[in-house]
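Asks: One structure, pasted below without further comment.
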Amino acid sequence: MIGTEIPPEILITALASRLVDLQSARIDEGAAQLKAPEPTPNAEHRAYVAAALVFSLDKALLDGATEFVGIQSLHQRLQDSGYMLSEEQLRFSARFLGSEREIRYLNEDNEPLTTRNLSQLVRYQARQDRVKLTMAGQQFVRMVRHTGEWLYADKDVEKLSIAIRSGLFSDIGRLCGEIQTTLRMQNERITALRENPSSEVFLAEYLEHREHFSEMLDSALKAALDAKENLGTEDTRRRLDIFNSARPDYPIHRRSLYDVVSVVHQATESLSRNWSGLLKDLQNDKRQQMGVLRFDRILDAFVNNPPTEKAMTAFLAGCCGWIQRPQIIGVDAVIGKLSPAMEPKEKPDIVFDMDPAADEANTELQSWIARNGPAILKALEQGPIHLVDLITNAGLPDCPIQSITEFGEAIGIYSIHDDEEELLLEVVQLPEMAKIEGWDHHIGVTNVALRHRVREEN
């Protein structure tokens, strides 16, 4: 319910006021007390004049007037519209809002930066005594308008499908975050309406737009579901592959997109259920008002269905001038009455599946070894084979490794030795690590060697 009871421009001013004060405060960070600056006399009227100036200039833009507007003619327009202000007050506001103010900040690299032109809401030309909105001023007006656009949340959800169909996958995470925030705020507001008995003004606002809000929720649900379905299409997969190929270092996976869109869908469903609950409460006149006790209803229930004598005796214990004898229980009365402590159940031991069918499936992973095993055994007759030589095909041109999968299968040679009678494969670990690049991967492995020696007789 934040900000609905005050003008939007004042809401934005209030929200940003402490950040502005923080920019200009000349207070020691270790001070025991921090005090906000006091508003100047007539501050409320200055805000009134500033809002009239900004919104009148925006109306001029909507009417197609992109040039400067004279202060005198602008003042006449405002007076005709019922505004109570003088020409000098309007000119002062234009001069003040047209002056620059330095705003300092840090970038991602923690470097100090500054901006000035964004602090100008209007551009005032003193010689011609005329004024117009700057880009920053136009942005301010859009922010003000956005504060009351809660009836158009479905249009924000529809942006997801547009972004997906357009291949703008890097914008989806940001859009989902903004939509979730909007939906969450509306959900909290409706919950407060169901719980707070003094929110009749805000409740009336919703009821006034009841049909529009229900239609908006239906459209939002359809838009969220449409976005989820679009993510599963073949066209979207093709667009995502093209998108990731252009930025291989920062790929976006379809599963992550599906997860964030699903959260939006869930948030929309939650808001819809809460809204239906509010309407149901209003129809039944059974809104639960937290923090408020209806003693009239408690008394009616007490008279119509009185408690038992035993319950009344327990309720009145210690009240009205008499005290019941307390019931004290000793430890001895509890011993032997409680169930013994149960030992925690032991977790079952891990059991390996020796199913022949599963073993046959594992043999498929040994395809590279099966193809190149004879060549490797033949090479071992000439001496040890280093793992690095096997990976880079140095000295082993007959055993090429063409993919990261085959690399993993080749590693198995160095971890499994043959224990048959006629031969013994022995793995020797070398002290240094080996770093190799291949198949679009940076590989770091222990440098080992495989050698073949005849089994010694006992």
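Asks: Which one of these does residue 131 not meet: (1) assigned to a helix (DSSP H, G or I); (2) closer than 23 Å to residue 9 by Cβ?
Replies: Status for residue 131: all satisfied but (1).
Asks: So, one more: List the residue pairs whose Cβ atoms are under 7 Å apart, where the first residue sits in segment 56-81 and is among the basic types (Lys, Arg), the second is part of a helix (DSSP H, G or I), and the two are 6 or more positions apart or on different chains.
Replies: If the second residue must be part of a helix (DSSP H, G or I), the pairs left are 77/56.
Each reported figure results from applying straightforward, stated rules to the coordinates on display, with no laboratory input. This is a predicted model, so every value here is computed, not measured. Every residue, glycine as well, gets a Cβ built from its backbone with ideal geometry; the counts of neighbours run over all protein chains shown.
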